[in-house]
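S.K.: Here's a structure for you.
The values are calculated or read from the model by the stated rules, or taken from the named source; none is laboratory data. All figures in this text were calculated on a predicted structure; none of them were measured in a lab. Neighbour counts run over all protein chains shown; Cβ positions are idealised from the backbone, glycine included.
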Amino acid sequence: MLGSCPDFRKGSRLYLEYYSLRENPFNITPDPRFLYFTPHHREAYDHLMFGIQQRRGFIELTGEVGSGKTTLCRAVLANLGKDVATALILNPCLTETQLLRAMLNDFGLEARGRDRLAYIEKLNEFLLQMNREGTNVALVIDEAQDLSPQVMEQVRLLSNLETDQHKLIQMVLCGQPELQKRLARPDLRQLRQRITVRYHIPPLTEDDTLLYIMHRLWVAGSDGGVTFDRGAIREIHRYTKGTPRVINAVCDNALLAGYVARTRAIDTRCVRRAIEQIEGPR
């Protein structure tokens, strides 16, 4: 077991030097620099960019836990350009008033008091001003499947902020597949009917998994000094079922296993040891 090695945790800090890497290639934080565009992730990205730039109002992005939704949204926000003002809501466990306050704060507006109507008026003034200046406005709500029905209704009402020609705010509802089930509820049919752009991110294929791992190693500075053989890729895909976040966890531990074994060729044995480390004692 990896955990039996006394230098294992120390190795977690030293393996970057051993593999000649600038940074951790399999960090689980949603860093857009590490986003690998599988065909499906590219389609999802294009759908989001199209929906926002063409002012389509509501956009729905779904995918399983760890499929890369948040990273994809961050990449979209980073590449929209200066003619789009953006806000990102990461915590969906909010009341209607808290949501509005969070939006105002993220748009750089001062939100005084707790008057929901005042917040809406201030938001509307901001949106109209942005429209006069030719600036589009986009809001991304992550983990949207956890929004309460009351907040969902508040989100729908925000779509009424519009001119005769344009939606004043484009809203991306990003969430797990449960979001689709939530929106299928009869009481949310008005919101569901306003969603004009939808995309669901499927798991990575085995070939995607190989390219994903190679991409992250390259971004982290690898010059090819560390490799994952085909058996390792097959084992990673079998265990992770193509989920990027889990792939990151397995690969990070596999690199640690390789470091402990003093090998730069990650094979099935390294991967299985990594999985044992993740699963813990049974």
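S.K.: Specify which of the listed residues (A118, A102) is in contact with a Lys or Arg (Cβ under 9 Å, 6 or more places away or on another chain), assigned by TED's automatic domain parsing to the domain that holds T71 and of a type outside the set (D, E). Break it down into steps so the answer makes sense when it comes.
M.R.: Working: A102 fails: in contact with a Lys or Arg (Cβ under 9 Å, 6 or more places away or on another chain).
Every option except A118 fails the conditions.
S.K.: Separate question: Do you know which residues across the range 211-240 are among the charged types (D, E, K, R), at pLDDT 95 or above and touching a Ser or Thr at 6+ places or on another chain (Cβ under 7 Å)?
M.R.: Matches in the range 211-240: E235 only.
S.K.: Continuing with this model, one more query. Being charged (D, E, K, R) and under 23 Å from N27 (Cβ atoms) is the filter here; which residues of the range 47-96 pass it? Don't jump to the end; show me each part of the working.
M.R.: Initially, the range 47-96 is screened for residues charged (D, E, K, R), giving 55-56, 60, 64, 69, 74, 82-83, 96.
Within the range 47-96, E64, K69, R74 meet the criteria.
S.K.: Could you give every pair whose Cβ atoms fall below 9 Å, whose first residue belongs to the range 253-282 and is hydroxyl-bearing (S, T, Y), and whose second residue is surrounded by 18 or more Cβ atoms within 10 Å (Cβ to Cβ) and at pLDDT 95 or above, counting only separations of at least 6 or pairs across chains?
M.R.: Every condition considered, the pairs that remain are T263/C270; T268/A232; T268/E235.
S.K.: Quick test for you: out of L157, L147, pick the one residue that is out of contact with any Lys or Arg (no Cβ under 9 Å at 6 or more places or on another chain) and in the same structural domain as L100 (by TED's automatic domain parsing).
M.R.: Of the residues listed, the single one that is out of contact with any Lys or Arg (no Cβ under 9 Å at 6 or more places or on another chain) and in the same structural domain as L100 (by TED's automatic domain parsing) is L157.
S.K.: Hey, another quick one. Residues being among the charged types (D, E, K, R) and over 18 Å from L179 (Cα atoms): count how many of those fall in the range 49-78. Steps first, please.
M.R.: Quick first cut of the range 49-78, residues among the charged types (D, E, K, R) only: 55-56, 60, 64, 69, 74.
When the remaining residues are screened for being over 18 Å from L179 (Cα atoms), the result is 55-56, 74.
Adding up the residues that qualify gives 3.
S.K.: Among the residues of the range 224-267, what is the count of those that are out of contact with any Asp or Glu (no Cβ under 7 Å at 6 or more places or on another chain), of a type in the set (S, T, Y) and buried (at least 20 other Cβ atoms within 10 Å of the Cβ)?
M.R.: 2
S.K.: Moving to a separate point now. Wholly within the range 79-190, which helices (runs of 4 or more DSSP H) include no fewer than the required count, namely at least 2 residues that are surrounded by 13 or more Cβ atoms within 10 Å (Cβ to Cβ) and touching an Asp or Glu at 6+ places or on another chain (Cβ under 7 Å)?
M.R.: On the way: elements: 96-106, 116-132, 149-158, 178-183.
So the answer is 149-158.
S.K.: Taking the condition under 30 Å from M130 (Cβ atoms) and either surrounded by 18 or more Cβ atoms within 10 Å (Cβ to Cβ) or touching a helix residue (DSSP H, G or I) at 6+ places or on another chain (Cβ under 7 Å) (or both), does R272 pass?
M.R.: no
S.K.: Hey, another quick one. So, in the range 58-78, of the ones that are hydroxyl-bearing (S, T, Y) and outside any helix (DSSP H, G or I), which residue ends up surrounded by the most Cβ atoms within 10 Å (Cβ to Cβ)?
M.R.: S67
S.K.: Additional query: Name every residue in the range 191-223 that is in a helix (DSSP H, G or I), among the polar types (S, T, N, Q) and surrounded by 17 or more Cβ atoms within 10 Å (Cβ to Cβ), in order of residue number.
M.R.: T209
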